[in-house]
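This report concerns only the one structure given below.
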Amino acid sequence: MQGAKSRLAALFLLLLLSKLATAETPPARPEAAKQTTHFLRLSRDKNNTPLALETAIMRFAPAAGDRRAPTVDLVAALHIADSAYYRQLNREFQGYDAVLYELVAPDERKTPKPGDRPSDNPISLLQNGMKDLLDLEFQLKWIDYTRKNMVHADMSPDQFAQSMRQRGESEWTMLGRMMAYALAKQNGTGGDMSGAELLAALFDKNRAMALKRLLAEQFQEIEGALAALDGPKGSTLISGRNKVVMDVLRKELAAGKNKIAIFYGAGHMPNFQKRLHDDFGMKPVSIRWLAAWNLKPETKPAAKAAAPASGARNRSTQPKAAELPKRP
C-alpha cells in the first residue's frame, strides 16, 4: 500500500513539473542575473546531449581574504541519486572537521542508521516514489551519518510543527504556493508537447532513464519553485530550518572548527549563500561539481549494489569522480 501511495505522489509531482516545464520565464534583469547562483546544473556534450545532473560544492571564505580563517562549504544535495554519488560524498566528508546535515527527527533518531524504516510523511512518500520511478537510491540509505564529524543541524518534529503554527502554515499552504508559482509562470502554450513528452517517457522501454533525462532538464526551474515556496516572509521549510543551521554553525566555529560543510538540499543553498554573506562576511571562492544522475545514453542501467553497513560506506573502491572546471 505504501509503495502505491509513493508512486501516486511521484506521478503527481511529475504532472506539476510538466506545468513548470512549459512556463515562460521572464527575462532576468542584468543585475539580478549576476546575483543568481545555481547549485544544480545539467552538463552536456558537444552535441548538446545531457551527460549528468550535477550538484555544487561551493566554498566560502572571509571576504577579508585571511587564508588561515575557517572555510564553509555549501554541499548541495539531491535526496535521490545514483549510489556512486553518495559514495563520493562519503569520501568528501572525511576531509571536514564538521559536516552539518539536515534531518527533521526526534533526538533518538537524529543519527540515521542502515535499515531504518522510511518515514510515512508526505515528503518521504514522494521521495520513495520518485526513487522507484527513476531507479535511483535514497540518501539516508547510503550516507554514513555515524562518523564523528557528522553534526545534526535541523529542527525536531515538535519544533517544526510549532514553527508552522506560529507562521500560520500548513502542508496545504506550501502546496498552494507551489501551484501559484506554476500558474503565474504558465503562458498557456506548449502544454500538450510537455504532456506528450511525459507520456512518452512513462512508456519508454527504459522508463527510468527517459524520465531522468526529462526531469533533469527542468531542475534549475525547481530551484526557483523552492524559492517561491519560501515566500516573501520566509517559511519553516526553508528559512526557518536554515536559521537553525546558522546557529549550529556559530557553535562549531566557536569550538575552533576550521573546515565545515553544510550538507543540505539544493533548494536551501541560495538562502544559505545570502546568510553567509550578510551574517558572516563570507564570499564564494571556488566551486566544484559532482555527478548525481548519470544520463549518458550509452550507459546501460547497472544492477543496484547493496548499501554498505554503517561505518563502511566510505571505503568504496570506486575511483574519485573528476572535478569539473569552475563555472564561469
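The values are calculated or read from the model by the stated rules, or taken from the named source; none is laboratory data. Nothing here was measured: the structure is a model prediction, and the numbers come from that model. Every residue, glycine as well, gets a Cβ built from its backbone with ideal geometry; the counts of neighbours run over all protein chains shown.
Give me the pairs: first residue in region 206-223 and among the acidic types (D, E), second residue at pLDDT below 75 and assigned to a helix (DSSP H, G or I), beta-carbon distance under 9 Å, and six or more apart or on different chains, which are they?
E217/A21; E221/L17; E221/L20; E221/A21; E221/K185
Just name the residue that is surrounded by the fewest Cβ atoms within 10 Å (Cβ to Cβ) out of those in region 201-226 that are modelled with pLDDT under 80 and aliphatic (A, V, I, L, M).
By that ranking, first place goes to L202.
Mind checking which residues of region 64-86 are under 23 Å from H152 (Cβ atoms) and within 16 Å of the chain's Cα centre (by Cα)?
Across region 64-86, the qualifying residues are D73, L74, V75, A76, A77, L78, H79, I80, A81, Y85, Y86.
Kindly check whether there is at least one residue in region 114-137 that is farther than 27 Å from L211 by Cβ, modelled with pLDDT of 85 or more and surrounded by fewer than 17 Cβ atoms within 10 Å (Cβ to Cβ).
no
Identify all residues within region 69-87 that are of a type in the set (D, E) and in a strand (DSSP E or B); write none if there are none.
The one that is of a type in the set (D, E) and in a strand (DSSP E or B): D73.
Among the residues of region 60-84, how many are under 14 Å from K259 (Cβ atoms) and hydroxyl-bearing (S, T, Y)?
Matching residues across region 60-84 total 1.
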